[in-house]
Amino acid sequence: MSARHPVSARQLPRQRQPELELEYGRSRELGYEAPEDAGFVRCLDHGFPTPLARWHYHDEYELHLIVATSGKAFVGDWIGQFHPGHFVLTGPRLPHNWISLDVPDGGVALRDRVIQFPHEPLVQASQSIPELTQLLPLLERAKHGIEFFGLSERAMQYYDSVRARRGLERFATFLALLGELANCTDYRLLSNVQLQGCEDDATMDQISSIVNQITQDAAHSMTMAQVAAQIGMSESRFSRFFRKATGNTFVDFVNRVRINRACQLLMESDRYITHICYEVGFNNVANFNRRFLEIKGMTPSEFRHQSENRFGR
């Protein structure tokens with residue numbers, strides 16, 4: 001293409017999707033460990049600005065500790081503030097990015113301390129090592145991103161210890177860290193909704209089926225009375241079980257799923273907000289805007305505007 005006629009930013013297609021991080025891009029120059037030093041657990045330290053700070057995802061879990069600067073964090077459909085000590089576990093293929101807004105001239109040499117680890121080996125090992133099953137609920141929650149509170153100093157100690165060790169000692173230290181996270185009760189889920197468990201396995205299976213049905217087609221979900229009748233429960237009994245299993249009333253859960261779908265459309269399309277409102281199942285714009293503000297802490301237009309910053313450009 002002629003240098004005289006560069007393509008303007010307005011002519012370029014807008015990037016909507018997160019970038020997939022591939023193995024060949026994990027070089028030592030960017031802060032990754034050498035391949036011979038990384039086994040099941042991979043460590044990464046990097047500063048800011050860096051090519052690594054972009055809207056992206058990968059197949060591994062990621063423990064992410066911010067040690068310097070403040071700014072905006074983007075995890076799935078969650079947008080929030082971060083400061084030093086911000087400590088998050090993201091699950092496989094959950095898009096994320098952290099954009100610092102108070103970087104001094106010349107940047108910072110160390111902003112992020114990261115540990116990445118794969119899914120399958122842990123899950124497979126748990127089938128023959130019962131103790132590892134204690135980690136499975138943590139890994140399930142990580143699908144939505146988990147922010148931990150009050151653990152930043154301990155996390156830093158673990159990071160230093162994991163990074164300094166090799167072989168079995170490194171793996172044992174890493175498991176000790178995961179054990180603390182699995183037992184931590186001071187956390188919040190960042191993106192979407194999450195089942196919390198129920199002592200009645202048969203009922204939990206029914207609730208899970210309903211949750212999947214709502215998630216796949218929230219715009220046409222049935223009323224609570226219809227769903228309760230479908231599984232042979234009274235409305236009051238179904239309401240109790242559903243709230244215990246999901247942490248939400250049935251109506252609140254449906255609204256959260258619909259808002260989550262709206263967030264996806266706001267981030268990945270140019271559809272009018274009014275069109276998105278009806279597409280995800282709301283009957284009027286005022287109710288949609290009110291529910292969106294309650295759940296996300298901002299209006300749909302503000303969410304769309306802020307989400308554009310997730311690319312870091």
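Just so you know, all these numbers are worked out from the coordinates, no wet-lab data involved. A quick note: this is a predicted structure, and the numbers were derived from the prediction, not measured. Please note: Cβ atoms are built from the backbone with ideal geometry, for glycine as well, and neighbour counts cover all protein chains shown.
What to note about this one:
- Counting Lys and Arg as +1 and Asp and Glu as -1 over every other residue whose Cβ lies under 12 Å from the Cβ of LEU89, the net charge comes to -2.
- Potential lengthening between ARG28 and GLU169 on full extension [0.36 nm per residue; Cα-Cα distance subtracted]: 48.5 nm
- In terms of surrounding Cβ atoms within a 10 Å radius of their Cβ, LEU151, LEU20 rank from fewest to most as LEU20, LEU151.
- Among (i) 27.1; (ii) 21.5; (iii) 20.1, the entry derived from the coordinates for Kirkwood radius over Cα pairs in Å: (ii)
- With neighbours defined as other Cβ atoms within 10 Å of a residue's Cβ, the residues MET267, MET233 order from fewest to most as MET233, MET267.
- Segment GLU120-ARG290, extension gain: residue separation times 0.36 nm, minus the distance between their alpha carbons: 57.1 nm
- Mean-position separation - Cα centroids, the stretch 220-249 and the stretch 58-87, in angstrom: 35 Å
- Take every pair of alpha-carbon atoms less than 8 Å apart whose residues are at least six positions apart; their mean separation over the length of the stretch 19-189 yields a relative contact order of 24 percent.
- FRET efficiency for ALA109 and ASP186, using Cβ-Cβ distance with R0 set to 30 Å, rounded to 0.05: 0.50
- Summarising the strand pairing of the chain, around 95 percent of its internal DSSP beta bridges are antiparallel.
- Here the Kirkwood formula puts the hydrodynamic radius of the stretch 19-189 at 16.3 Å, using every distinct Cα pair.
- Sorted by Cβ density within 10 Å, fewest first, the residues VAL257, VAL108: VAL108, VAL257
- At full extension, ILE129 and SER209 could sit 25.9 nm farther apart than now, given 0.36 nm per residue minus the alpha carbon distance.
- Dividing the mean sequence gap of close Cα pairs (under 8 Å, 6+ apart) by how many residues the stretch 234-313 holds gives a relative contact order of 23 percent.
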